[in-house]
Amino acid sequence: MSAAIPFPERPASSATYRAEEAAEAARHIPATPEGLTAAEAASRLSRDGPNLLPANQPASRWVVVRKVLTEPMFLMLLTAGGIYLVLGSRGEALFLLAFVLAVIGLTLVQEGRTQRALDALRDLSAPKALVQRDGVAVRVPGTDVVVGDWLLLQEGDRVAADAELCSGSVSLDESLLTGEALPVEKQPATGQPDDPVVMVFASTVVTRGHGGARVTEVAANTAVGRIGGALNATVEPPSQLQQASRKLVRQLGVVAVGLSAALVLLGVWWDGRPLLDSLLSGIALAMAILPEEIPVILTVFLALGAWRLAGQKVLTRRSTAVEALGAITVLAVDKTGTLTRNQMAVVALAAAGEPLPLTDGAPLPPDLVAVLQAAVLATPPRPFDPMEQALRACGSAPAQGLPAWVNAAVPLHAYALAPGLLAMTQVHQGPDERQWLACKGAPEAVADLCRLTETQRVHLRSQVASMAGLGWRVLGVAGGHWPPEGDAASTPPDWPAGQADLGLSWLGLVALADPPRDDVPAALAECRGAGVRVIMLTGDHPATASAIATQVGLTDRPEVLTGAQIDTLSDADLTTRMARTDVCARLQPAHKLRLVRCLQAGGAVVAMTGDGVNDAPALKAADVGIAMGLRGTDVAREASALVLLDDSFARIVAAIRQGRRIFDNIDKASRFTFAVHVPIVGLALLPALMHWPALLLPAHIVLLELLIDPACSVVFEAEPPADGVMQRPPRAPGVSPFSSGNLWAGALQGSGLALVLLAGFAVLQGPLGVPEAASRGAVVVALLSSVWLLVVANRQPDRGWWPSLRAGNPWLWPMAGAVAALLVLALSVPVLRDLLHLAPVTPVVAGAAALMVVLNCFCLALTRLWRPSPAPAAPIRHTVTRAVHDAPA
Ligand SMILES: Nc1ncnc2c1ncn2[C@@H]1O[C@H](COP(=O)(O)OP(=O)(O)OP(=O)(O)O)[C@@H](O)[C@H]1O
Ligand SMILES: [Cu+]
C-alpha cells in the first residue's frame, strides 16, 4: 500500500494567480516546527480571507440591509411619509419616518438574532485544526488556517487545507477526492531532486499516523475547493412551508394592490377627495392587508428552533429539517452507538464446543488462545473502531496469556473489509520466520473463506444463533500461513488479490457485548405514543439485531428481513413487507437507500440515522437525515439535515417534540396574523365606503404593526409545547399553517372584532354624537387591547381562557404591559395624541372602549367553538400506525 493511487500531486488547472503566488511564498518558509507567529497568521488571515469554501461564505450585512430596503412595507411607509411632506404636515411625516427607523431597527435586531443563532450553529459544526503558532500547538477554527501555517496531523483529523507533508507518516482517506475507499499511505519527500513534493489535501481524513505539514493552499484554491465549489453550488430547494407561504403572500399582495387601487380611485372620482389624501388611505389599506409577518414567522421560528435544538445537543444543518421533524412517521435507526452504547467488550470465545464466557483471571484453554490470538492479529495496531479496540484490550490483558509478539506485531499487508465481503485479513511476519495470516469477520463470510462443509456450517449456524441470541456481536476467526505450504527459508510468493485464495482455516468465534443505552426504552415508548414507528437497520447478524430490538423494546415481532432477502423482493413486495417488519439486518448501505425510498413510497415521512461514508445517499434521500457527531464521518454529517452531538437516540425524540412544537407555533402565529389583519382592513376600508370620517390613518396602522410583529416573532415563538404534543399522531404531510382552514378560522375571529369595533364607532359617532377624535380614541384603545386578546385566544386553542392567561409563556404579560404603555403614551402625551388624531379620554370614551373589549372577549369565546382541529391526521397515517401496532406478528 504505497501512494500508488493516481492523483495529481499539484493540480495546476484553474489555479488563480494569487494561489500560485501564495504557494510560491509558502515554499520559501523554512520547514521548522516553529510555525507562524500569531501576528503573522492574523495579518495573512486579514489579507487572504478565511479558509472557507465558496458555498460556505456567510451572507454579508449588505444583503440584510438591502432586503429591508426593498421590503414593500418599508417602501409604503416612505411613500406615505413623502405624501405628508408634500401636504405640508411635517409632524405626520416625521412621525412616519421615525417609524421607518423603528421598523428598520426591529428588522435588524430580528435578523441579528436569527443570524447569531445560525452563526452559533455554524461555529459548533465547524471543524477545528491543530496548528503551530509561536512554537506551540493550538487548536484554531479551520477557517483561521492560513497559507504557511504548520499543520499538525493526527489520527481522525480532517485536513483543513492543502499542505505539503514535511514530517511523520500518515495514512489518508482520500475517497472524497478520488472515490478510492482504501487509505493512502504518505511519507514526506526525501528531498532528492527528482522526488516530487508529497501533498495532503484539504477535506481528506487522517486514518492513521501523525505528521507535520506546511499549508500551501486554502479556501477555494484547494483541490476540494475547486471541485467542491461546483458541487456545493446547488441551492437547497424551498421547503413545502416556504412555498406555501410565498404563494399566500403573493396572492394577498395582489389583493392588497387591487383593493387599495380601487379605494384610491373611488376616493378621487366618487367622493371627489384630493388625490394625495386618497393615496394615503390607499396606502393605509395596503399596509393593513399585507401579511408581511408570515415570511418573518417562518424564518425566525425555524432559525430559533434550530438554535433551541442545539441546546438539546441536536445540530441543525438545514433549517427546513425542523419543519419536517414534526411530520416524521418512521424513524429508521442503526444499532451500534444509537441504541447501544458503543462500548464493546469481549465476553465469550468459542472453538468447536460450547462458548466459554470470559471471567477475570481464568486461564484460557489452548484452542481458545488461538482464536483470541488470531482475532487480535486481524486487528490494526491502533484501531479506531470500538469493537477492534475491545479486541486489542482483551488480547493485551495478561490473564489471556497471548505471546508478547502478538500485541506488538505490525501487519505487512491487510485485506480490508468491503460491503460485499464482511471479513478482513492481516498478514504478519511471525516469530518463526513465516508469514502468519489472521482473519476476522461475519461468521458466514469467514466460513466461506475457509470453505467449510455443509455439516460444519450447520453446527456453526446453531453456535452463532445461540450466542447472537443474547444480543452479542459474533465474529468468526480464521488463521493460516502464507504460503499455505512451504518452508520459512524460501521467499514467499506475492499475496493473492483476494482473501479467498489465502487458504485460511477456521478457528472459532469471538462474542462482543455492547449494552443498550439506558434512555432508549423510555424514548422508544415516547415514539410509540407519538405514532412514530421505529425500525432498526443494521449490518449486524439477524439474531443479534432481533435480540437487541427485543431487549430495548423496539419490537415484539420476531420477523427480521436481511439484505439478501431484500435483494429478491420487488419494490412493491418490499413496501408491503416493510409494513410488518421492524428489524432489517445484514444490510449494505445500498439497501438502506432502497428501504428509505420504499418506505417513502408507502406514504411515510422517514428520518434515518447513519454514520458511515456509504450511508450518505440514504441520509440525503431521507426526509430528515440524522448523522452522529461523535462517531459519524464528516461525509455522513455533511449529507445529513441534523447532527446528534452526543449520538444519543433520546435526542431524536426530543427533536421530534421540538419540531412539533415549532410547527404548532407557526400554525398559531399564522392564525393570529390572519385574524389581526381583518379588523385593521375593515376599519381602514369601511368608513371610506360609508362616507364616514377616516378611522384608521397610516400612523395607527404603523403603531399596530409595531405591536403585531413582536407578538408573532417573540410571543408565539416562545410558546411552550402543548401537553399532548407527543400523544397524538404525526401531522399529515399536506397539513399547512397557511391552509384555507386556518385562514378562515383566523378571518372569523377577526371579523367578530371588526364588527364590534365598527358598530362601536358608528354608535359613538351617530346616536351618542361623540366627536370624531374621541370616538377614534375609543376604537383605537379597544383595537390595541384586542390584539393582545387575540394572542391569548390563539395560544392554546385546546384549553380554556384561564390556562391560556396563566404562565407558560414569559412574554405574554410583558406584551400586555407594552400595550398599556403604548396606549397611555398615545393618549396622554399631547404631541403624540395630536399626531394620532386622538382626543383626551372622557368617561364616555373609556366606558365605550371597555364595553367593546368585553364584547370582543365574547366574540372570541364564540369563535373558539368553531376552529379547525390543530393537526388532523390523514387517513394514510392511520393505516400505517394501525399496521404497525395491531398487525398479527
Ligand atoms: N473491523 C471489522 N472486522 C471484521 N468484521 C467486521 C468489522 N467491522 C464489521 N465487521 C462485520 O461486518 C458486520 C457489519 O458491520 P457494520 O459495521 O457494517 O455494521 P453496522 O451496520 O455499522 O452495524 P450497526 O447498525 O450495529 O451500527 C458486522 O456484524 C461484522 O460481522
Ligand atoms: Cu401586518
Kindly provide the set of residues from segment 499-522 that are part of a helix (DSSP H, G or I) and either of a type in the set (D, E, K, R) or touching a strand residue (DSSP E or B) at 6+ places or on another chain (Cβ under 9 Å) (or both), ordered by number. Gln499, Ala500, Asp501, Leu502, Val520
Selection count where residues are in contact with a Lys or Arg (Cβ under 7 Å, 6 or more places away or on another chain) and surrounded by 17 or more Cβ atoms within 10 Å (Cβ to Cβ), scope segment 478-509: 1
If you go through Val715, Val725, Val702, Val676, the only one that is under 28 Å from Leu280 (Cα atoms), modelled with pLDDT of 85 or more, β-branched (Val, Ile, Thr) and in the same structural domain as Ala820 (by TED's automatic domain parsing) is Val676
How do the pairs read when you match residues in segment 767-779 that are within 12 Å of Val841 (Cβ to Cβ) and aliphatic (A, V, I, L, M) with residues anywhere that are surrounded by fewer than 16 Cβ atoms within 10 Å (Cβ to Cβ) and at pLDDT 85 or above, using Cβ under 8 Å and keeping only pairs 6 or more apart or on different chains? Ala778/Ala846
Limited to segment 145-178, what total is found for residues that are surrounded by fewer than 24 Cβ atoms within 10 Å (Cβ to Cβ) and in contact with a helix residue (DSSP H, G or I) (Cβ under 7 Å, 6 or more places away or on another chain)? 5
Whichever residue in segment 412-432 is at pLDDT below 85 and either within 16 Å of ligand 2 (Cβ to nearest atom) or assigned to a loop (DSSP other than H, G, I, E, B) (or both) and, among such residues, is nearest to the chain's Cα centre (by Cα): Pro419
Can you pull out the residues in segment 431-459 that are over 14 Å from Ser505 (Cα atoms) and either in contact with a helix residue (DSSP H, G or I) (Cβ under 8 Å, 6 or more places away or on another chain) or within 16 Å of ligand 1 (Cβ to nearest atom) (or both)? Pro431, Ala442
Is there a residue being in contact (Cβ under 8 Å) with a residue 40 or more places away in the chain and charged (D, E, K, R) anywhere in segment 347-361? no
Subset of segment 747-774, residues out of contact with any Ser or Thr (no Cβ under 7 Å at 6 or more places or on another chain) and either under 30 Å from Ala669 (Cβ atoms) or among the β-branched types (Val, Ile, Thr) (or both), comes to Ala747, Gly750, Ser751, Ala754, Leu755, Val756, Leu757, Leu758, Ala759, Gly760, Val763, Val770
If you check Ile701 against the conditions, is it of a type outside the set (S, T, N, Q) and within 12 Å of ligand 2 (Cβ to nearest atom)? yes
Are any residues in segment 528-553 touching a helix residue (DSSP H, G or I) at 6+ places or on another chain (Cβ under 6 Å) and either farther than 17 Å from Gly337 by Cα or not hydroxyl-bearing (Ser, Thr, Tyr) (or both), and if so, which ones? Gly531, Arg533, Val534, Met536, Leu537, His541, Ala543, Val552, Gly553
If I ask for residues that are closer than 27 Å to Arg434 by Cβ, of a type outside the set (Phe, Trp, Tyr) and out of contact with any strand residue (DSSP E or B) (no Cβ under 7 Å at 6 or more places or on another chain), which ones from segment 394-407 would you list? Gly395, Ser396, Ala397, Pro398, Gln400, Gly401, Leu402, Pro403, Ala404, Val406, Asn407
If we keep just the residues of segment 269-298 that are in contact (Cβ under 8 Å) with a residue 12 or more places away in the chain and surrounded by fewer than 18 Cβ atoms within 10 Å (Cβ to Cβ), which is farthest from ligand 2 (Cβ to nearest atom)? Asp271
Does Pro558 satisfy being of a type outside the set (A, V, I, L, M, F, W, C), more than 30 Å from Thr204 (Cα to Cα) and at pLDDT below 90? yes
Leu304 - would you say it is assigned to a strand (DSSP E or B), away from ligand 2 (no atom under 16 Å from the Cβ) and either touching a residue at least 60 places away in the same chain (Cβ under 8 Å) or within 14 Å of the chain's Cα centre (by Cα) (or both)? no
Among the residues of segment 687-697, is there at least one that is within 21 Å of Gly746 (Cβ to Cβ) and more than 16 Å from ligand 1 (Cβ to nearest atom)? yes
Within segment 359-379, is even one residue away from ligand 1 (no atom under 12 Å from the Cβ), surrounded by fewer than 17 Cβ atoms within 10 Å (Cβ to Cβ) and in a helix (DSSP H, G or I)? yes
Quick one: count up the residues across segment 402-429 that are closer than 18 Å to Thr491 by Cα, touching a His at 6+ places or on another chain (Cβ under 8 Å) and surrounded by 17 or more Cβ atoms within 10 Å (Cβ to Cβ). 2
Six or more apart or on different chains, Cβ atoms under 6 Å: show the pairs whose first residue is in segment 551-576 and assigned by TED's automatic domain parsing to the domain that holds Lys335 and surrounded by fewer than 16 Cβ atoms within 10 Å (Cβ to Cβ) and whose second is part of a loop (DSSP other than H, G, I, E, B) and β-branched (Val, Ile, Thr). Glu559/Thr581
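The values are calculated or read from the model by the stated rules, or taken from the named source; none is laboratory data. Computed from a prediction, not measured in an experiment: that's the story for all the values here. Cβ atoms come from the backbone with ideal geometry, glycine included; neighbour counts cover every protein chain shown.
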